[in-house]
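Everything on this sheet refers to the single structure shown next.
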Amino acid sequence: MRTDIKTDMKSNTKSTTRLTVRQLMLVSLFAALMAAGAYIRIPFPLLPVTLQTFFCALSGLILGAKPAVLSMTVYMCLGLAGLPVFASGGGLASVFEKSFGFIIGFIAGAYVIGRISARSGKPTPANNLKALLPGLLAIYIPGIAHMLLIIRIYLGNKQAGLLMVISGNLPYLIKDAVLFAIIAFAGASLLPVVRKAMSSRAG
């Protein structure tokens, strides 16, 4: 009897953790969108403005936590492997770029947005914001922390401080906050349609 219960538990665990073919296709799609988003850029002094935070947010809302994290991780691994998918190019040397912390932040942000969104129920503007704003912080915290370390240790600018890095990123943070607010309100009507279409096709 106990053996049967353990077998059932194992099979249930496998079924909940295994991704479907459609989910894997969407993971690949969002990894490709992240790569494309790196090249849609507006020049700014500290970092180029790209659409990557937009695609990261969509991956969390549409795919959910696990597939979204996988998508962002695939994107990061492709860049580290040498493909020019980052805003700064690609390769292992990208770790020493000021912007690399945001690549790590995309993984954290996708997880936070997907996790909170799944628990929030109906995708109202308020529920979407509850997922998106913590996700935005999850993107920026490792991004700013890594940038500060690179500037102070790798580039040798010992006078650079946290307030300087935060103030330098403030325009981008404001831009992304506005963008996330737009996603929250637009997603209230679009997300149910997208999720219904995904579930019906999966079935």
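The values are calculated or read from the model by the stated rules, or taken from the named source; none is laboratory data. Bear in mind that the values here come from a model prediction, so they are computed numbers and not experimental data. Glycine also receives a Cβ, built like all others from the backbone with ideal geometry; neighbour counts cover every protein chain displayed.
Looking across the stretch 150-167, the residues that are within 21 Å of Ser94 (Cβ to Cβ) and either aromatic (Phe, Trp, Tyr) or part of a helix (DSSP H, G or I) (or both) come down to Ile150, Ile151, Arg152, Ile153, Tyr154, Val165.
Evaluated against (1) at pLDDT below 95; (2) under 28 Å from Gly161 (Cβ atoms), Gly105 falls short on exactly one condition, (1).
Taking the numbered list (1) on the phi > 0 side of the Ramachandran plot; (2) surrounded by 15 or more Cβ atoms within 10 Å (Cβ to Cβ) in turn, Leu133 passes all entries but (1). Only residues in the stretch 51-74 that are closer than 14 Å to Gly105 by Cα and in contact (Cβ under 8 Å) with a residue 60 or more places away in the chain count as the first member; pair them with residues that are acidic (Asp, Glu) and in a helix (DSSP H, G or I), Cβ under 6 angstrom, at least 6 apart or cross-chain, and list the lot. Listed pairs, sorted by first residue: Thr53/Asp176. Regarding the stretch 80-98, can at least one residue be identified that is closer than 22 Å to Arg41 by Cβ, touching a residue at least 40 places away in the same chain (Cβ under 8 Å) and surrounded by fewer than 16 Cβ atoms within 10 Å (Cβ to Cβ)? Scanning the stretch 80-98, I find at least one residue that is closer than 22 Å to Arg41 by Cβ, touching a residue at least 40 places away in the same chain (Cβ under 8 Å) and surrounded by fewer than 16 Cβ atoms within 10 Å (Cβ to Cβ), so the answer is yes. Let me spell it out: the conditions are (1) crowded, with 16+ Cβ neighbours inside 10 Å; (2) within 13 Å of Leu58 (Cα to Cα); (3) not hydroxyl-bearing (Ser, Thr, Tyr), and Ile150 meets all of them except one. Which number is the exception? Going through the list (1) crowded, with 16+ Cβ neighbours inside 10 Å; (2) within 13 Å of Leu58 (Cα to Cα); (3) not hydroxyl-bearing (Ser, Thr, Tyr), Ile150 breaks only (2). Would a scan of the stretch 168-187 turn up a residue that is loosely packed, with under 12 Cβ neighbours inside 10 Å, without any contact (Cβ under 8 Å) to a residue 40 or more places away in the chain, outside any helix (DSSP H, G or I) and out of contact with any strand residue (DSSP E or B) (no Cβ under 8 Å at 6 or more places or on another chain)? No - not one qualifying residue is present in the stretch 168-187. Scanning the stretch 118-153 for residues that are hydroxyl-bearing (Ser, Thr, Tyr) and in contact with a Lys or Arg (Cβ under 8 Å, 6 or more places away or on another chain) returns a single hit, Ser120. Scanning for something closer than 25 Å to Ala38 by Cβ, without any contact (Cβ under 8 Å) to a residue 60 or more places away in the chain and small (Gly, Ala, Ser), does the stretch 118-135 turn up at least one residue? No.
Filtering Thr53, Thr73 for residues that are part of a helix (DSSP H, G or I), surrounded by 20 or more Cβ atoms within 10 Å (Cβ to Cβ), polar (S, T, N, Q) and within 13 Å of the chain's Cα centre (by Cα) leaves a single hit, Thr53.
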